[in-house]
Amino acid sequence: MSGKCVVKLPHSCGTKRGLQIFENDDGNYTGYCFSCGTYLDSYNLNDAERATASLLTSEEELELIEELPILPIKHRALKEEAINYFGVKTSLSEEDGVTPTGYYFPYENKEGVCAYKVKTPDKRYIFWKGDTSKTKPFGWRQALLAGGKKLFVTEGEEDAVALWQALKLKQQGTQWKDLSPAVISIKNGSASAAKELHSLISEIRHNFAELILCFDMDAPGRVSAEEVVKLIYSARVATIPGKDANECVIKGMSLALANAVLWKAVTPKNSRIIVASNLYSEAREPAKYGLSWPWEGMTELTRGIRSGETTYIGAGVKLGKSDVANTLAAHLILEHDIKVFMAKPEETNKKTVKLVLGKVAGKQFHDPNKDFDFDAYDEAAKLVGDRLFLLDVYQHLGTDTLKQDIQEAANNGCKAIFIDPITNLTNMVSSGEANIVLQGFAQDLAVMSKDLDLITFIFCHLKSPDSGPSHERGGEVLSHQFAGSRAMMRSCNYMIGIQGNKDPTLPIEERNTRQLVMLEDREFGSSGIVNLYWDHNNGMFTEY
């Protein structure tokens, strides 16, 4: 049972503040005395107790916890060496000075220990002391200092201590006997594993060569491992010989546990080898078009939009790539009833809403020179409904967090993903590192699109032409001008350029003309141009 400690009180055992009263999720109060180990299944907390009880500050509580002894946890077969390594504290009964009443597992941030997860011996109560907002996983500092290349991850603190103990036992009598294995535990159980580990992926990859998941062998543990592998494709999964790592140690299977995580962890495959003849009947059907584009010419060139494919679209500055993105999003929502996720860090979400609804209504809601048509806006909003999802971020994306956001969007039913522009991912890195970042992200994005059955569109600003006019003055768009072009050619199904000439001396009809140029087609080898005209009256791209 997890509850919030609301007050500390005297108890009949003689303690002055050892009785802690907890407010549970159902609103009722229960209690536990950390001095004598007594449970109170219900408690009527009166106003006087709440007003007069003395509560220590968070800093004072952490100081008191630091003074608690480090002792083996005997009923879990966890020895003092392992307990000391992780800095786990134990509170003892004030009545006999021997009986454990609580275990305190330390969590750290950059400054050191900032919080403890507290558990009663039977785990009936689990709660926190201190500031948990920026904590790293349990054992993270020790894992970094260990210097090993394998990072082992459990879903509970006792499991982390048990696994470290088992691995140290395995190393006895070997040349590695003085080394410490790198073992951590996620903070809030299996349900949070994917999110927590994904937020650390850059640090994990920088410090470790292998990530090995040692989760519980129950259904939630297996599902959690699958979710982590979807986001961190190099992660390996261990099948341990008991329900969890701590149970293996309790039952005397420490060496079997160590062998399982060291030598028998595998990388789950998203595909399996099959005999082609099993697919002959299924494949014996004419090929079909995918979903339509807003423009018939693009539907013909690509044979439609298909799930599991990635399209890369590039343009010069202010040549209409965002308009193309908004038009595509509105088309997929209205024509194909698809939920859309848009990550557009270079414009506010409020503006994105106006632009997408403008494509639905054939109006311009963002231009103060245009009369705002409230009825048209409301009707467009009603048509889009809850099928448009936006990323709450402005001006900076991170590769790791964005992959996590895409996973979350897919969990919410989104089938089409828009990233505009992908070059925002490299704003904080040097030019030499930019292509490396984009290459890794493009590969991960291609795999995610297939695994999660997504339609993915990514957009970029183009590099300037080596010679001749700029893209904004009609310069030709070429594949090598795309950011991370070589990596994108390998990872994307299509590369499409947007050409145009914004020379103010040209007639408006020519200035508002754009060309969608098929540069790379990995599916059918198509090449061609689709001509579009941007109508400044309604903000719509029309094919001609």
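The values are calculated or read from the model by the stated rules, or taken from the named source; none is laboratory data. Given the structure is predicted, the values throughout are model-derived calculations rather than measurements. Heads up, the Cβs are rebuilt from the backbone with ideal geometry, glycines too, and the neighbour counts pull from every protein chain shown.
Here's a check for you: in the range 231-250, which residue that is assigned to a helix (DSSP H, G or I) and out of contact with any Ser or Thr (no Cβ under 9 Å at 6 or more places or on another chain) is modelled with the lowest pLDDT?
Looking at the filtered set, the residue picked out is LEU231.
With respect to ASP444, determine if the residue is closer than 23 Å to SER224 by Cβ, in contact with a Leu (Cβ under 9 Å, 6 or more places away or on another chain), of a type in the set (Asp, Glu) and not assigned by TED's automatic domain parsing to the domain that holds ARG205.
yes
Go through the range 495-544 and give me each residue that's of a type in the set (Asp, Glu) and over 17 Å from VAL477 (Cβ atoms).
Selection gives GLU509, GLU510, GLU523, ASP535, GLU543.
Hey, among VAL153, VAL161, which residue is touching a helix residue (DSSP H, G or I) at 6+ places or on another chain (Cβ under 8 Å), more than 15 Å from LEU262 (Cβ to Cβ), of a type outside the set (Asp, Glu) and buried (at least 24 other Cβ atoms within 10 Å of the Cβ)?
After applying the criteria, what remains is VAL161.
For the range 307-359, what are the residues that are under 21 Å from GLY500 (Cβ atoms) and among the hydroxyl-bearing types (Ser, Thr, Tyr)?
THR311, TYR312, SER322, THR327
Among the residues of the range 78-133, which ones are within 22 Å of GLN165 (Cβ to Cβ), at pLDDT below 90 and basic (Lys, Arg)?
The one that is within 22 Å of GLN165 (Cβ to Cβ), at pLDDT below 90 and basic (Lys, Arg): LYS123.
So which residues in the range 73-109 are within 25 Å of THR135 (Cα to Cα), of a type in the set (D, E, K, R) and touching a residue at least 12 places away in the same chain (Cβ under 8 Å)?
Passing the criteria: GLU81, LYS89, GLU108.
Consider LEU425 against the criteria (1) in contact (Cβ under 8 Å) with a residue 40 or more places away in the chain; (2) crowded, with 21+ Cβ neighbours inside 10 Å; (3) not acidic (Asp, Glu): it satisfies all of them except one. Which criterion is unmet?
Every listed condition holds for LEU425 apart from (1).
Mind checking which residues of the range 25-57 are at pLDDT below 80, hydrophobic (A, V, I, L, M, F, W, C) and within 25 Å of LEU68 (Cβ to Cβ)?
Of everything in the range 25-57, those that are at pLDDT below 80, hydrophobic (A, V, I, L, M, F, W, C) and within 25 Å of LEU68 (Cβ to Cβ) turn out to be ALA53, LEU55, LEU56.
Consider only pairs whose beta carbons are under 7 Å apart and that are at least six residues apart or on different chains; among these, list those whose first residue lies in the range 369-382 and is among the aliphatic types (A, V, I, L, M) and whose second residue is assigned to a helix (DSSP H, G or I).
Pairs that qualify, where the first residue is among the aliphatic types (A, V, I, L, M) and the partner is assigned to a helix (DSSP H, G or I), are ALA376/ALA361; ALA380/LEU357; ALA380/VAL360; ALA380/ALA361; ALA381/LEU357.
Kindly provide the set of residues from the range 406-419 that are out of contact with any Ser or Thr (no Cβ under 6 Å at 6 or more places or on another chain) and either crowded, with 21+ Cβ neighbours inside 10 Å or among the basic types (Lys, Arg) (or both), ordered by number.
ILE406, ALA409, CYS414, LYS415, ALA416, PHE418, ILE419
Can we say LEU163 is outside any strand (DSSP E or B) and not small (Gly, Ala, Ser)?
Here the answer is yes, as LEU163 does meet what is asked.
Which of the residues that make up the range 349-398 are in a helix (DSSP H, G or I) and touching a Ser or Thr at 6+ places or on another chain (Cβ under 8 Å)?
LEU355, LYS359 - these are the residues of the range 349-398 that are in a helix (DSSP H, G or I) and touching a Ser or Thr at 6+ places or on another chain (Cβ under 8 Å).
Scanning the range 212-224 for residues that are at pLDDT below 90 and among the hydrophobic types (A, V, I, L, M, F, W, C), which turns out surrounded by the most Cβ atoms within 10 Å (Cβ to Cβ)?
Only one residue tops the list, namely VAL223.
Please find, among GLY314, GLY290, the residue that is without any contact (Cβ under 8 Å) to a residue 24 or more places away in the chain and touching a strand residue (DSSP E or B) at 6+ places or on another chain (Cβ under 9 Å).
After ruling out the rest, the residue left standing is GLY290.
Determine, yes or no, whether ARG490 is closer than 13 Å to LEU319 by Cβ, among the charged types (D, E, K, R) and surrounded by fewer than 20 Cβ atoms within 10 Å (Cβ to Cβ).
Taking the combined requirement at face value, the residue does not satisfy it.
Can you tell me which residue within the range 442-487, out of those that are under 34 Å from the mean Cα position of the chain (by Cα) and hydroxyl-bearing (Ser, Thr, Tyr), is farthest from VAL317 (Cα to Cα)?
SER449
Kindly indicate which of LYS177, LYS187 is crowded, with 19+ Cβ neighbours inside 10 Å, in a loop (DSSP other than H, G, I, E, B) and in the same structural domain as ILE232 (by TED's automatic domain parsing).
None of the other options fit; the residue is LYS187.
To keep it simple, each residue is scored yes or no on (1) modelled with pLDDT of 90 or more; (2) not in a helix (DSSP H, G or I); (3) not β-branched (Val, Ile, Thr).
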site: VAL261; (1), (2), (3): yes, no, no
site: PRO268; (1), (2), (3): no, yes, yes
site: GLU285; (1), (2), (3): no, yes, yes
site: LEU328; (1), (2), (3): yes, no, yes
site: HIS331; (1), (2), (3): yes, no, yes
site: GLU335; (1), (2), (3): yes, no, yes
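In the range 455-468, is there at least one residue being among the aromatic types (Phe, Trp, Tyr) and touching a Pro at 6+ places or on another chain (Cβ under 6 Å)?
Yes: one or more hits.
State which residue pairs qualify: first residue acidic (Asp, Glu) and inside the range 171-182, second residue not in a loop (DSSP other than H, G, I, E, B) in any location, beta carbons under 9 Å apart, and separation of 6 or more residues or different chains.
Within 9 Å, the pairs are ASP178/GLN171.
Looking only at the range 525-544, count every residue that is assigned to a strand (DSSP E or B) and among the polar types (S, T, N, Q) and tell me the total.
Matching residues across the range 525-544 total 2.
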